[in-house]
Amino acid sequence: MPSRVLPPATNPFRFGRIVSGDAFTDREADLLVLERELRGGQNILLEAPRRFGKTSLILEVKRRLEADGIQVAYLDCMLVPSRARLADRLASVYLDAFKGPAQRAEDWVVQHLRSFRIRPTLTIDDHGHTQLSFEAGSAGAPNLDALLEQLFAEPEVIGRASRKKRVVVILDEFQDLMELGASLLRQLRAVIQHQQHVSYALLGSRQALLRKAVHDRSAPLLKMARPYPLGPLPRAEFAAFLTARFKASGRPVPKEAVFALIDFTGAHPNDTQEAAHFLWEVALLPLSSQELVSTAIDRVLDAEAAQMTVLWHDSAPAQRNLLVALVEWGGRNIYREDYRRRANLGPATTVQRAVQTLINRELVDLESSGAYTIKERFFEEWIRRRIIRGEL
């Protein structure tokens, strides 16, 4: 008899995109809090570093709310390049979220947007996807501002008319709207602070813009939402999740390797999934746990080499010197003369300019402990291995 050809094993660890289903790492406590607060009318500020799982988490909350009949509109503000396009995207996500399943798109537009100063154009592509546009870019600033104010107010109108308790609006990476003008968020605040039938989930990661949007004393959205900083996944629970997926895929790895991987990534959800992806690839090699993890991280760095090289080459010499110093000497007391002399950083003013630029580029952050740290764990390791040690 011919030998049976077994199907290739499938790597169970996915990264770099939104995950759901069995690939979604358990955050049941966070899910329960966010669902309860939004259901009860509380606005939420969900804040965490990039690739920390905010979007996957909030989309799971969205799925649960919708399963209970609550209408939820979701907009990724990172994909909005202008105020005019913001109007188009808001109207389109409202149509997608708030139109009844048996209602024609044309009827919904007539019912809800007929009083708008600028009439929308409805298009339906070959796949049945609907889009609304206003051609607001040529309407002039006053008309565009009036249009946005009407759009900001529309969820409350829908919420009051709905038989459901309320509606929910999710603005992912909302701080990017600051780049369209601070007045835009002030306009948003002026509208939503009076709304009684809408809950907002504001998701953010870019610290420099978040400070201007919600944290500074003069921030337009100061105290408009309950802060909900998203922390790392619990170590033991994350380890159990990873171990189970290794085992179920036919490539079990020692528990100490899984814990070492988590300790390396700091339980960062996406980074850990990425490292686990490569650990799965080398899991069958005859290596110790420490060697397995080191080999997996090396493969991550090889895969990310192009991006890391761009980050390095886009850094001015003073920034590169500081990045190396943070890896070699840590991030405390970086302005002290002995630290600057040991790390060859130059005058304190040079260090200050380098720090601020790296913070603005989202590469370095100031921890509550007063220490500066490199935010990207793999970039830090790339600097250690490739720049400091000269490994290839």
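The values are calculated or read from the model by the stated rules, or taken from the named source; none is laboratory data. The shown structure was predicted, so the numbers you read here are calculated from the model rather than taken from an experiment. Cβ: placed from backbone, ideal geometry, glycine included. Neighbour counts: every protein chain shown. These area figures cover heavy atoms from the full protein model, side chains too; ligands, DNA and RNA do not enter into them. Shrake-Rupley method; radii C 1.70, N 1.55, O 1.52, S 1.80 Å.
A few comments on the model shown:
- When each of Lys54/Lys212; Lys247/Lys375; Lys62/Lys99; Lys62/Lys255; Lys54/Lys375 is checked by Cα-Cα distance, pairs over 25 Å: Lys247/Lys375; Lys62/Lys255
- Inter-centroid distance (Cα atoms) of region 153-226 relative to region 40-82, Å: 12 Å
- Taking the helices alone, the chain has a mean residue ellipticity at 222 nm of -15000 deg cm²/dmol, built from -39,500 (n - 2.57) per DSSP H run of at least 4 residues and averaged over all its residues.
- For the pair Asp263 and Leu366, the difference between a 0.36 nm per residue extended length and the Cα-Cα distance amounts to 35.0 nm.
- Count Lys and Arg as plus one, Asp and Glu as minus one, and take only other residues whose Cβ is under 12 Å from that of Gln290; the net charge is then -3.
- Between region 347-361 and region 105-120, the Cα center-to-center distance that results, in Å: 50 Å
- Projecting the Cα atoms of Ile262, Gln175, Ser288 onto the dipole axis of the chain, where Lys and Arg carry +1 and Asp and Glu carry -1 at the beta carbon, places Gln175 farthest toward the positive end.
- Whole-number percent relative contact order across the chain, with pairs defined as alpha carbons under 8 Å at least 6 apart: 17 percent
- Under the shape rule built on the C-alpha gyration tensor, where the axes satisfy a ≥ b ≥ c, region 137-238 is oblate, since a/c reaches at least 1.5 while a/b does not exceed b/c.
- Peptides 144-150, 127-133 ordered by average Cβ neighbours within 10 Å, highest first: 144-150, 127-133
- Difference of contour (0.36 nm per residue) and Cα-Cα distance, Gln103 to Leu32: 22.4 nm
- Calculated FRET efficiency, Arg85 to Asp126, Cβ-Cβ distance, R0 = 22 Å: about 0.45 to the nearest 0.05.
- Only the Cβ atoms of Lys and Arg (+1) and of Asp and Glu (-1) were treated as charged; on that basis the dipole of region 61-193 about its Cα centre amounts to roughly 620 debye.
- Cα gyration tensor shape of region 313-392, rounded if a/c is under 1.5, else prolate or oblate by comparing a/b with b/c: rounded
- Normalised per residue, the accessible area of the chain is 51 Å², obtained with a 1.4 Å probe and no contribution from ligands, DNA or RNA.
- For region 99-138: rounded, prolate or oblate by the Cα gyration tensor [a/c cutoff 1.5]: oblate
- Surface share of carbon and sulfur [accessible, 1.4 angstrom probe, percent] for the chain: 51 percent
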